[in-house]
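First up is the structure itself, then whatever we jot down about it.
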Amino acid sequence: MRSIVRHTLISLTSPARSGAKRRTLGAICLALAASAPFAAGCHKPPPPQAATSADAPAGQAWLTPEQVNEAHIIVTPLDEQDVVDTILSSGRVTFDDQRVAHVFSPVTGRVARIEANLGERLHKGQPLAVITSPDIGQASSDLGKADADLIAAEHDFKRKKDLFDSHAASQADYETSEDNYRKAKAEKERAYQKAFLLRTGTVDSVSQGYTLTSPIDGELIARAVNPGIEVQGQYGGGTAVELFTVGELDKVWVVADVYEMDIARVKIGAKANVNVVAYPGKTFVGTVDWVSGALDPTSRTAKIRCSLDNPDRLLKPEMYATVTISVDETKALALPKGAVLRLGEQTVVFVETGTTPEGKLKFERAPVQVDEGEGGEWLLVEHGLDKGMKVVTQGAILLAGMI
């Protein structure tokens, strides 16, 4: 710039130049004077700027406390936790067998009427249905005939015995009469036992109606019959169908399969968390109360049973369930799963390491080794972190995007 001005001045101040050109020289000088601050500014260094996260070294992020709050980043000191070792299994919900009754009809016949409605609370002996059956008449007739035959056989036996004692009858006649008497007694007992099988209900010999009753107190959970339907009796030689299910659902069982390698770790009284598809996010807590003494030869698994309280009756029999069984509990350094990130092949967490001179919080990426073999909410820290370190337990993924 100075060389240009110098050349211009030499040219304009030459003796050959006119007065007009001298005036031009003055204008140029004024213009250069006005542009001097601009030219000087081109070489002036920029003012210093405040440090940003971009100024942080590799593997770190610097944020103001306001930015941390807005990003909902939570920092928690690393400490020992009650870490529960678990076994994950699949199973299904079943009735508590001690609190349910499956009702079949002991007689073959036709359902005349239904006496109980689904969901109704029942007492032991309360009517469920009335079945009109020829088995009632047959059983009553057999019992009466057997009773009459026994009386006749008994009378004949007594007469033959008196005659035999008086030497008026042969020993063969006496023994034949005794045999007939014993057969009549056996037939009477058979007919009585057959009629006794119907004791769980009320028998009306006149109308040949059999009243099916509830064997326990409970709720009518299921019904498989309607009026007019023919039913097969349990003692009729065919396949009987369950007609009613009476029981309680305030306590249920969950039966699950455990592999052979895990059987020794499952103890009676262990805590079991149960989840079902019908209620995502809801966990039902129960207790292991039975472990099978034998393995399934095909699947090589053992059955375990968990007892659960079900006051709201949300769990229904035959629901499929996922069962998490607690087998051990230890106190150890552990991280919540949300604190751990996978960056390529590296497992890392973010740790708060202090503040900058400007008051920004420094977060540094730190490699860590954790035990991910179990299905609990905590991950055991095996290497890379020490107790008391401030670990980001929420929002770590945001910090990863800033680096």
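The values are calculated or read from the model by the stated rules, or taken from the named source; none is laboratory data. Here the structure is a predicted model, which is why all the values come from computation and not from measurement. Cβ coordinates were reconstructed from backbone atoms using ideal geometry, including for glycine residues, and neighbour counts include every protein chain displayed.
Brief remarks on what is shown
- The stretch 167-209, subset part of a loop (DSSP other than H, G, I, E, B) and farther than 19 Å from Gln138 by Cα, residue modelled with the highest pLDDT: Ser170
- Filtered residue count, the stretch 387-403, keeping only those that are among the hydroxyl-bearing types (Ser, Thr, Tyr) and farther than 9 Å from Ala339 by Cα: 0
- Sub-8 Å Cβ pairs linking a first residue in the stretch 158-172 that is surrounded by 12 or more Cβ atoms within 10 Å (Cβ to Cβ) to a second residue that is of a type in the set (S, T, N, Q) and not in a helix (DSSP H, G or I), at least 6 apart or interchain, are Phe164/Ser170, ordered by first then second residue.
- Any hit, the stretch 278-285, residues being aromatic (Phe, Trp, Tyr) and outside the structural domain of Arg92 (by TED's automatic domain parsing): no
- Among all positions in the stretch 281-302, there is no residue which is surrounded by 12 or more Cβ atoms within 10 Å (Cβ to Cβ), touching a residue at least 12 places away in the same chain (Cβ under 8 Å) and under 30 Å from Tyr210 (Cβ atoms).
- Listing of strands (runs of 3 or more DSSP E) fully contained in the stretch 50-130 that carry 1 or more residues being more than 30 Å from Glu230 (Cβ to Cβ) and in contact (Cβ under 8 Å) with a residue 40 or more places away in the chain: 60-63, 74-77, 80-95
Table: residues versus (1) crowded, with 16+ Cβ neighbours inside 10 Å; (2) touching a residue at least 12 places away in the same chain (Cβ under 8 Å); (3) among the hydrophobic types (A, V, I, L, M, F, W, C).
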| residue | (1), (2), (3) |
| --- | --- |
| Asp309 | no, yes, no |
| Ala321 | yes, yes, yes |
| Val327 | yes, yes, yes |
| Lys390 | yes, yes, no |
| Gln394 | no, yes, no |
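- Residue check, Gly218 closer than 20 Å to Asn117 by Cβ and modelled with pLDDT of 90 or more: yes
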